[in-house]
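The next block holds one structure in the form of structure tokens; read it before the comments.
The values are calculated or read from the model by the stated rules, or taken from the named source; none is laboratory data. Predicted model, so just to flag it, every value in this text is computed and none were measured. Glycine gets a Cβ as well: all are built from the backbone with ideal geometry, and neighbour counts include every protein chain shown.
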Amino acid sequence: MDSKKINRRTFIKTAVGAGMTISTLGFPGIVRSAKAPGEVEIGVVHPMTGSAGPMGQNAIRGWNIAVDEINEAGGIKSLGGAKIKTLLRDSESDPKVGVAETEKLVKTKVVAIVGAWNSSVTYACTEVAERNRIPWIVSIAGTDEICRRGFKYIFRTLTEGHRMEEMLANSIEEIGEKTGKKAKTAVIMGTDDLMGKTASKGIKEALNKFKRECVGDILYPINTGSLKDDITKLADKKPDVWFFISQFKDAILITNTLYDQKVKALGFLAYGVGFLDNQYLKQVGNLGENFFAVTRFDHDLNTELEQGFEKKMKTRYSVSANQHSACCYVEAYILKDALERAKSLDRDKLRDAIESTNMTSGPVLLLPGKGVKYDQNHENAYVQDLMSQVIKGGWHTVWPLERKRKFDPVWPRPDWPSKRSWG
């Protein structure tokens with residue numbers, strides 16, 4: 001180069017052409033214009049493997065879609081367009097593994113963590129997050145105690161356990177009243193873990209409020225290979241309704257065993273979870289017809305938001321949307337909103353922003369209810385539970401009865417089909 005004065009454009013063009021490494025010293029304008037937006041690291045602890053692996057995989061699909069949308073739309077604008085970076089960790093559906101992965105995350109730059117599907121895993125992991133003052137948004141896990149320990153950094157998006165249990169009892173009362181076929185007795189089957197134990201207790205308490213009797217209650221190992229004897233014992237009680245708190249593989253096992261024994265009842269009601277996995281109906285076919293399940297996603301797709309999310313899931317992953325993917329999709333937008341208001345990567349400032357969340361429009365309405373607002377226990381006061389039922393081979397919302405819906409609930413339950421069929 002000669003000694004003549006050069007401008008920035010000439011300098012960059014000459015340097016790049018010569019294969020030089022550009023130093024921005026002496027050119028402060030280059031620093032300002034070329035500086036790339038930073039990143040906001042968010043940890044996600046979900047079961048990618050283990051007993052809840054299928055559900056965790058579907059949950060992260062919804063998260064990925066939301067994060068890509070946020071980043072493509074300019075990232076976190078109050079942070080200079082910073083993009084969200086996901087640090088995904090597999091809990092393996094095991095509390096010990098989940099805690100170990102959470103302890104690794106707290107040593108990184110994550111500003112918040114989302115997870116962890118299983119109640120037992122979430123209960124343990126949130127203790128680590130609270131101790132390290134990292135905001136944690138609870139995904140799916142419903143056990144009340146998770147948000148009943150006076151923690152300041154833990155928030156839950158979906159309904160806590162006792163609200164779901166009361167809804168289950170209330171729904172069968174209203175459906176029984178409408179059809180003239182009231183349920184008087186019930187049995188409960190659930191996994192022998194934190195969720196199964198607390199949900200079973202909660203359902204019994206809810207039934208007592210309506211003066212309905214629980215005549216049998218069995219908890220079984222998550223990875224059990226047979227439930228034949230347990231179902232036989234409960235079937236001998238001749239209950240009007242059955243309640244299930246199950247994961248994916250045992251949901252299939254329960255359905256097949258009930259069919260093999262031709263168990264009759266007014267209704268089979270699931271706490272959701274495994275029965276709502278995308279693969280459940282593909283595995284059991286017409287045997288899943290008329291099962292009920294608690295859900296926080298309207299499978300009838302009555303809104304443009306629901307229809308759009310369903311299209312995104314099918315286009316990208318070739319699976320339908322459900323409460324797991326919808327929940328994590330919404331949680332990404334909750335954090336985006338909080339980060340925009342916090343205008344900081346400081347964990348305490350972000351915690352304060354999450355606590356003051358009040359979202360009543362936009363992507364959060366993908367979940368049934370009025371949106372997201374956390375109460376004194378950091379529970380979402382705006383979210384609502386729905387009851388879905390398998391009708392004509394697919395899940396459809398059938399309760400609350402006053403809600404817009406395509407089908408009325410099928411109650412009492414018809415006899416089992418004469419033979420199995422798929423598709």
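Within the stretch 102-117, residues that are of a type in the set (Val, Ile, Thr) have Cβ atoms under 6 Å from residues that are modelled with pLDDT under 95 in these pairs: Val114/Ser139, counting only partners at least 6 apart in sequence or on another chain.
Of the strands (runs of 3 or more DSSP E) lying entirely inside the stretch 131-205, those carrying at least 1 residues that are among the small types (Gly, Ala, Ser) and under 24 Å from Val364 (Cβ atoms) are 136-139.
Look at (1) under 16 Å from the mean Cα position of the chain (by Cα); (2) modelled with pLDDT under 95 and you find that Val372 fails only one, number (2). Candidates Leu335, Leu305, Leu339, Leu367: the one that is closer than 24 Å to Asp68 by Cβ and either in contact with a Leu (Cβ under 6 Å, 6 or more places away or on another chain) or surrounded by fewer than 23 Cβ atoms within 10 Å (Cβ to Cβ) (or both) is Leu305. If the condition is being touching a Pro at 6+ places or on another chain (Cβ under 6 Å) and either small (Gly, Ala, Ser) or closer than 24 Å to Arg133 by Cβ (or both), then the stretch 354-389 contributes only Ile354. Picking from residues in the stretch 370-382 that are within 13 Å of Ile154 (Cα to Cα) and touching a residue at least 24 places away in the same chain (Cβ under 8 Å), the one that is surrounded by the fewest Cβ atoms within 10 Å (Cβ to Cβ) is Asn377. The one condition from (1) within 26 Å of Thr397 (Cβ to Cβ); (2) at pLDDT 95 or above; (3) in a helix (DSSP H, G or I); (4) in contact with a Gly (Cβ under 7 Å, 6 or more places away or on another chain) that Leu234 does not meet is (1). Looking for whichever is assigned to a helix (DSSP H, G or I), farther than 30 Å from Lys249 by Cβ and at pLDDT below 95 here; the options are Ile30, Ile70. Which one fits? None of the other options fit; the residue is Ile30.
Any residue in the stretch 106-114 that is on the phi > 0 side of the Ramachandran plot and buried (at least 22 other Cβ atoms within 10 Å of the Cβ)? Within the stretch 106-114, not a single residue is on the phi > 0 side of the Ramachandran plot and buried (at least 22 other Cβ atoms within 10 Å of the Cβ).
In the stretch 333-355 there is no residue matching the filter, namely being within 18 Å of Met55 (Cα to Cα), in contact (Cβ under 8 Å) with a residue 12 or more places away in the chain and of a type in the set (Val, Ile, Thr). Output the residues belonging to the stretch 265-287 that are within 14 Å of Arg413 (Cα to Cα), of a type in the set (Gly, Ala, Ser) and part of a loop (DSSP other than H, G, I, E, B). Hit for the stretch 265-287 is Ala265, nothing else.
From the list Ser139, Ser91, the lone residue that is modelled with pLDDT of 95 or more and under 19 Å from Trp63 (Cα atoms) is Ser91. For the stretch 355-370, indicate whether the set of residues that are farther than 29 Å from Glu145 by Cβ and assigned to a loop (DSSP other than H, G, I, E, B) is non-empty. The answer is yes, given that some residue of the stretch 355-370 is farther than 29 Å from Glu145 by Cβ and assigned to a loop (DSSP other than H, G, I, E, B).
Does at least one position in the stretch 244-258 carry a residue that is surrounded by 22 or more Cβ atoms within 10 Å (Cβ to Cβ), aromatic (Phe, Trp, Tyr) and modelled with pLDDT of 95 or more? Yes, the stretch 244-258 has at least one match. Among the residues of the stretch 223-241, those identified as touching a helix residue (DSSP H, G or I) at 6+ places or on another chain (Cβ under 7 Å) and not hydroxyl-bearing (Ser, Thr, Tyr) are Leu227, Lys228, Ile231, Val241. Give the stretch 392-411 a look and list any residue that's touching a strand residue (DSSP E or B) at 6+ places or on another chain (Cβ under 7 Å), of a type outside the set (Val, Ile, Thr), in a loop (DSSP other than H, G, I, E, B) and within 25 Å of Tyr259 (Cα to Cα), or say none. Result: Phe407, Asp408, Pro409, Trp411.
Of all residues in the stretch 49-97, count the ones that are among the polar types (S, T, N, Q) and closer than 22 Å to Glu39 by Cβ. Qualifying residue count for the region: 4. For the stretch 189-236, a residue qualifies if it is among the small types (Gly, Ala, Ser), in contact with a Leu (Cβ under 6 Å, 6 or more places away or on another chain) and surrounded by fewer than 20 Cβ atoms within 10 Å (Cβ to Cβ), and exactly one does: Gly216. Scan the stretch 396-403 and tell me whether some residue there is hydroxyl-bearing (Ser, Thr, Tyr), touching a residue at least 12 places away in the same chain (Cβ under 8 Å) and closer than 19 Å to Glu173 by Cα. There is at least one residue in the stretch 396-403 that is hydroxyl-bearing (Ser, Thr, Tyr), touching a residue at least 12 places away in the same chain (Cβ under 8 Å) and closer than 19 Å to Glu173 by Cα. Please name all residue pairs, on different chains or six or more residues apart, with Cβ atoms under 6 Å, provided the first residue is in the stretch 227-241 and is over 14 Å from Asp260 (Cα atoms) and the second residue is hydroxyl-bearing (Ser, Thr, Tyr) and surrounded by 13 or more Cβ atoms within 10 Å (Cβ to Cβ). These pairs meet every condition: Pro239/Thr185; Asp240/Thr185. On the given criteria, is Ile146 in the same structural domain as Leu367 (by TED's automatic domain parsing), within 17 Å of the chain's Cα centre (by Cα) and within 19 Å of Ala251 (Cα to Cα)? Here the answer is no, as Ile146 does not meet what is asked.
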